[in-house]
Amino acid sequence: EGASWEQQLESDGYVRQEDVLDTWFSSALWPHSTLGWPEKTPELSYFYPTTTLITSRDIITLWVARMVLMGINNLGEVPFREVFIHPKILDGQGETMSKSKGNGVDPIDVMDKFGPDALRFGLALLATETQDVRMPVQFECPHCQAAVNQTKKNRQLPTVECPDCKQLFSTQWAQSDEDRAHPKAPVISERFEVARNFCNKLWNAARFVMINLDGFQPQQLDLQSLPVEDRWILSRLATTTQRVDAALGGYHHSEAARLLYEFAWDEFCSYYLEMAKTRLQDPGRRAATQQVLAHTLDQLLRLLHPMIPFITEAIWQQLASFGPVRALDGQQESQPWLMKSNWPAPDLDQQDPKIEAQFASFVAVLKALRELRSRQNIPPKEDVTFTVACDSQRAELLQPMLPFFQGLAKANCVGLGGDFEDLSPPTAQASVEGMEITVDMGQFIDVEAEISRNQKLLDNLLKQIAGKESKLSNDSFVSRAPAEVVEKERASLSELKQQHQSVVSALSQLQAAKG
């Protein structure tokens, strides 16, 4: 009785440790003490120095500098050659995530909601060259799965009421038995939805490819004899592989993820697979199409494996059942495990800048057509007629691509270049990359209703223009109002006049269409 807690522990036989390293000093020894130093072990000889240290900027002085100094002092050499400083993930308010603040995201919650591959790919997309990345976080109501935004006010409350279902749920910081009686809400972020959708897209694309690989026999293809769409996807594959290599070599992980996302989603899934569908039904072209599909998917899985290892390995196992060798030249290792397969090397012989430029023009027109269809509410099953006014060089690039507009946009080109007859009004137009796309809207527009709508719009514009002109002609306003206010009014008047000209032109076309 009356003894201190230290004396009580000593009386129970405990002995105070005399040699203690604080966390900063022990971390300084980490690169070599974990390898058996001061003994000259095989592990120390092999792994020291290592290549790269990956860390956050907030411990550069506390840990990294000490590791370097201690390594030089104890072994005469730095412990690593390069230091990659990754961005720091903050919450939606720009604050550092921490348990004490209650604003962190539990990776297990993210994996339960979106999957482990989505977690990895989502973080790779976030790993930009900037130092800070904001990640808004949310509670997911365990009763109705509604997303409840986290705020400074509610994130540390033991229980929160869902605004949708009015049920209480417990936060991860609940302390009492009463608070823990309510189901715990996972803490997630919508930033991972893009990554989950990408994984789903890849899975469905792979299923489509494998469904159409029945009877696949590997063969050696002559690149120059392949149709333009095959040479395009192989050129884009080589270019993407080359750029991903460069991005990963420079620690540009977000750029590598973006390149693979765009190639897989846009170029492979949205364009090439759609183009391949009709050829897969043609017995004379099916085998070559299967070969290009299998090879492209094979290489894409290798490139994506470091970022989404689980889904790519699962697809690889199934793809192997259709043919263990899928290379265009028939020379490839037969590897049952993707994680043990060779990293793809870009085949620069397959690169074709002209074909890539050709498809870039095609995609620009295709996107404009889809935008016009959406803007004018044209039903997806309805065919449209369009023209493309452009220079001779663009026309030459687009000419071989005209058949694909029907399959990808239900559109038929009736005029290309500069020597064709203009479509009769009413029409819809869009300008992209020096090309003027015009779509015939005759069968999709109620001319009388459009004339009435545009006339009302014209009357309203004339009233606004008159009001602005009256205001700007008032010397008292112009002389007394701040210069930026006057300039803003003049800019607004100029914009209204441009809108007026557009409506007048549209009315003229509609009147001509009415006859």
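Laid out as a table, the results:
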read-out	value
Unmatched cysteines, the chain - criterion: no other Cβ of a Cys under 4.7 angstrom	CYS199, CYS269, CYS390, CYS413
Residue-normalised accessible area of the chain, given per residue in Å² at a 1.4 Å probe	55
Surrounding net charge for VAL486, when Lys and Arg each add one and Asp and Glu each subtract one, Cβ distance under 10 Å	+1
Answer label, with Kirkwood radius over Cα pairs in Å calculated from the coordinates and candidates (i) 29.4; (ii) 24.8; (iii) 25.6	(i)
Estimated FRET transfer efficiency when R0 is 25 angstrom, pair ARG207-ASP282 (beta carbons, to 0.05)	0.70
Peptide ranges 95-102, 398-405 listed from the most packed, as the mean C-beta count within 10 angstrom indicates	398-405, 95-102
Gyration tensor (Cα) of the range 337-399, equivalent ellipsoid semi-axes in angstrom	35, 21, 8
For the range 140-255, the fraction of alpha-carbon pairs in successive 5 Å shells from zero, as %	2, 9, 10, 11, 12, 9, 8, 8, 8, 8, 7, 5, 3, 1, 0
Low-density loop cleavage sites - chymotrypsin sites (Phe, Trp or Tyr not before Pro) in the range 307-381, where at most 14 other Cβ are within 10 Å (DSSP)	TRP337
Angle in degrees between helix 309-319 and the longest Cα principal axis of the chain, rounded to the nearest 10	70
Pairs of lysine residues in the range 446-515 - Cα separation under 13 Å, sequence separation of 8 or more or cross-chain	5
Net +/- balance of residues flanking GLU255 in space, Cβ distance below 10 Å, scoring K and R +1, D and E -1	+1
Three principal axis lengths of the range 1-104 [C-alpha, angstrom, descending]	58, 49, 20
Tilt relative to the chain, helix 283-304 - C-alpha long axis, 0 to 90 degrees, to 10	40
Residues in the range 273-301 that a label on GLU262 would reach, taking backbone N under 18 Å of a point 7 Å out along Cα→Cβ	300
All Cα pairs of the range 382-515, percent lying beyond 20 Å	61
Normalised contact order of the range 355-424, rounded percent, pairs of Cα under 8 Å and 6 or more residues apart	39
Of all accessible heavy-atom area on the chain, the percent that carbon and sulfur account for (1.4 Å)	51
q = 0.24 Å⁻¹, the range 50-109: log10 I(q)/I(0) [Debye, one scatterer per Cα]	-0.96
Estimated Rh, the range 267-394: Kirkwood, alpha-carbon pairs, angstrom	17.7
0 to 90° range, to nearest 10: angle between helix 483-514 axis and the chain longest Cα axis	50
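The values are calculated or read from the model by the stated rules, or taken from the named source; none is laboratory data. Just so we're clear, the structure is a prediction, and the values are computed from it rather than from any experiment. A quick note on method: Cβ atoms are made from the backbone with ideal geometry, for glycine too, and the neighbour counts reach across all protein chains shown. Ligands, DNA and RNA are excluded from the accessible area calculation, which covers all protein heavy atoms including side chains. Shrake-Rupley method; radii C 1.70, N 1.55, O 1.52, S 1.80 Å.
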